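All remarks here apply to the structure that follows.
What follows draws every value from the coordinates through simple rules; no lab data is involved. Quantities reported herein were computed from a predicted structural model and do not represent experimental measurements. Glycine also receives a Cβ, built like all others from the backbone with ideal geometry; neighbour counts cover every protein chain displayed.
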Amino acid sequence: MILVEPTAGTGGPRPAARRAFTIGKMPPVDHAAKTSVMTDGYREAINRNVSVAPMLDWTDRHCRYFLRGFSPDLLLYTEMVTASAILRGDREKLLEYSSEEHPVALQLGGCEPDYLAASARYGAEWGYGEINLNCGCPSDKVQKGAFGACLMNEPDLVADCVAAMCEAVDLPVTVKMRIGTLRSNRRDLDEAVQRFDEADYDKLCDFLVAVRAAGADCVIVHARRAVLGNWSPADNREIPPLRYDIVRRLKEDFPDMPVVLNGGLKTVAQSLEALDWADGVMLGREAYHRPMVLGEIYAALDEAAAAFDPAAPRVPYRPLTVAEHLERMAEYAEREMIKGERLPAITRHLLGLLSHTPGAREYRRMLSEGAREPTAGPELILRAAELATAA
Ligand SMILES: Cc1cc2nc3c(=O)[nH]c(=O)nc-3n(C[C@H](O)[C@H](O)[C@H](O)COP(=O)(O)O)c2cc1C
């Protein structure tokens, strides 16, 4: 059994480690040497093969705990937390997580180097394994704050932000980005949104050069342009076409820069194909709506590793069954409810466990409606497990 077992304890502050060099005098990034310090003190290189995307309102700590059950190697990301919220808001609540979620990266939103540096330091104190800067979100709110995808047009500012974050923490600092942006309020952008010419590619390369020189350890590229204007975030995740070819070209032109591919990945085959040239794949919506895909990818990678080196000692991967996932979550819910958490805050993330299978609808109804009953407790999740097993 190699899946992460629940252990007691939560992430919490630990003393910050600082790098010895200053902005403007940075040594080249030594990716092998930059490791994450886990809450219990040991250092571990981050495995970026497979990660789950930061998703606002979705990848909260309960969701991340659930997803951890699918693979011990997944790199999980928090929802975006703005630097100003960390500095001025309820920091304890914003940064709280369970130690079982490790490895987990904190995604920050913002465009002020000092704020980002200070927030990154809090992230390091809390024991996160990586600090990520959001340069890909096109929501209205984020555009008003002039961060997220707007930053794709401000490579020098992003470089200052990354450099300040790198100086503040002894952790990998990464950037989540798009392949470019387009400014328009029009919806009939067919031709413009399809186009990606050499000038666009040069701009993308300039961005990468800037963040790499500033010390970024890895870029995660959502392989679409973002349309800045009044498009909804949902349209911005669907309408601009996916351009894996552009991300691949970027990786070929910057072979020493770790590049993770994001956008539209749904299957094991797509993920393995991308891993032929990319340093990792990041799944968002599919991981949330059909988390089983994460176990399928893990099993395929495990099998590939065994075929590559049959003599290497290994513990065969045994995925948890649906019932075991739910039993694990029932135990978790019990612990969380004792601390005052509401059951629906946990059960809402479990709906995708059974999808396209007999009984899926009844299972989802039981969990979503049942959890709202005032007397509902963790046993509801166990009842859902019985239903899932019987289906
Ligand atoms: C509900 C939702 C919330 C999201 N919130 C964030 C966020 O906080 N930060 C971010 O960088 N991207 C965010 N994204 C974008 C995802 O991280 C990812 O880039 C996008 O969904 C494309 O990947 P996919 O096709 O695998 O879903 C969000 C996406 C969704 C669906």
Residue 56 neighbourhood, Cβ < 15 Å, K/R = +1, D/E = -1, net charge +3
Kindly express, to the nearest 10 degrees and within the range 0 to 90, the angle between helix 198-214's C-alpha long axis and the longest C-alpha principal axis of the chain. 80 degrees
Residue by residue through region 283-296, the couplings from Karplus 6.51 cos²θ - 1.76 cosθ + 1.60 with θ = phi - 60°, in Hz, x for Gly and Pro, are 9, x, 4, 5, 4, 6, 7, 9, x, 4, 4, 5, x, 5
Under a 5 Å amide H to amide H cut-off, with H placed in plane at 1.01 Å, what residues pair with residue 80 once short-range neighbours are removed? 55, 56
Among 71, 355, 98, which comes first, then next, by fewest other beta-carbon atoms within 10 Å? 355, 98, 71
Each residue of region 111-122 in turn: what ³J(HN,Hα) in whole Hz from Karplus with 6.51, -1.76, 1.60 and θ = phi - 60°, glycine and Pro shown as x? 9, 9, x, 5, 5, 5, 5, 5, 5, 4, 4, 4
Just to confirm a number: summing +1 for Lys and Arg and -1 for Asp and Glu over residues other than residue 365 whose beta-carbon lies under 14 angstrom from that of residue 365, what do you get? +2
Dividing the helical contributions, -39500 (n - 2.57) per DSSP H run of n ≥ 4, by the residues of the chain yields a 222 nm value, nearest 500 deg cm²/dmol, of -12000 deg cm²/dmol
Express in nm, to one decimal, how much length is gained between residue 188 and residue 213 on full extension, taking 0.36 nm for each residue of separation and deducting their alpha carbon distance. 5.2 nm
Among beta bridges assigned by DSSP with both residues in region 36-308, the antiparallel ones amount in percent, to the nearest 5, to 5 percent
Charge context of residue 210, other residues only, Cβ under 13 angstrom, K/R +1, D/E -1: -3
Projected label distance in nm at residue 309 and residue 197, using a 7 Å step from Cα toward the beta-carbon: 4.8 nm
Please rank 266, 251, 176, 93, fewest neighbouring Cβ atoms within 10 Å first, as an exposure proxy. 93, 266, 251, 176
Sort region 156-220 into rounded, prolate or oblate with this rule: let a ≥ b ≥ c be the square roots of the eigenvalues of the Cα gyration tensor; rounded if a/c is under 1.5, and if a/c is not under 1.5, prolate when a/b is larger than b/c, oblate otherwise. prolate
Considering amide H positions built from the backbone, and no H for Pro or chain starts, which residues 5 or more places from residue 181, or on another chain, come under 5 Å of its amide H? 226
To the nearest 20 debye, what charge dipole does region 322-390 have about its Cα centre, counting +1 at the Cβ of each Lys and Arg and -1 at the Cβ of each Asp and Glu? 280 debye
Would you mind checking the tilt of helix 155-168 against the longest principal axis of the Cα atoms of the chain, expressed as 0 to 90 degrees and rounded to 10? 60 degrees
Dipole check, the chain, charges on Cβ (K,R +1; D,E -1), about Cα centroid: among 275, 162, 313 the Cα furthest to the positive pole belongs to 162
Given a Förster distance of 25 angstrom, what is the FRET efficiency for residue 266 paired with residue 327, based on the Cβ-Cβ distance and rounded to 0.05? 0.35
For region 238-251, take each phi angle, set θ = phi - 60°, evaluate the Karplus expression 6.51 cos²θ - 1.76 cosθ + 1.60, and give the result in whole Hz per residue in order, putting x for glycine and proline. 10, 6, x, x, 6, 10, 4, 4, 5, 5, 5, 5, 4, 4
Amide H to amide H under 5 Å from residue 50: which residues, 5+ apart in sequence or cross-chain, H placed 1.01 Å off N in plane? 75, 281
Dipole magnitude (debye, nearest 20) for region 36-308, charges at Cβ of Lys, Arg, Asp, Glu: 700 debye
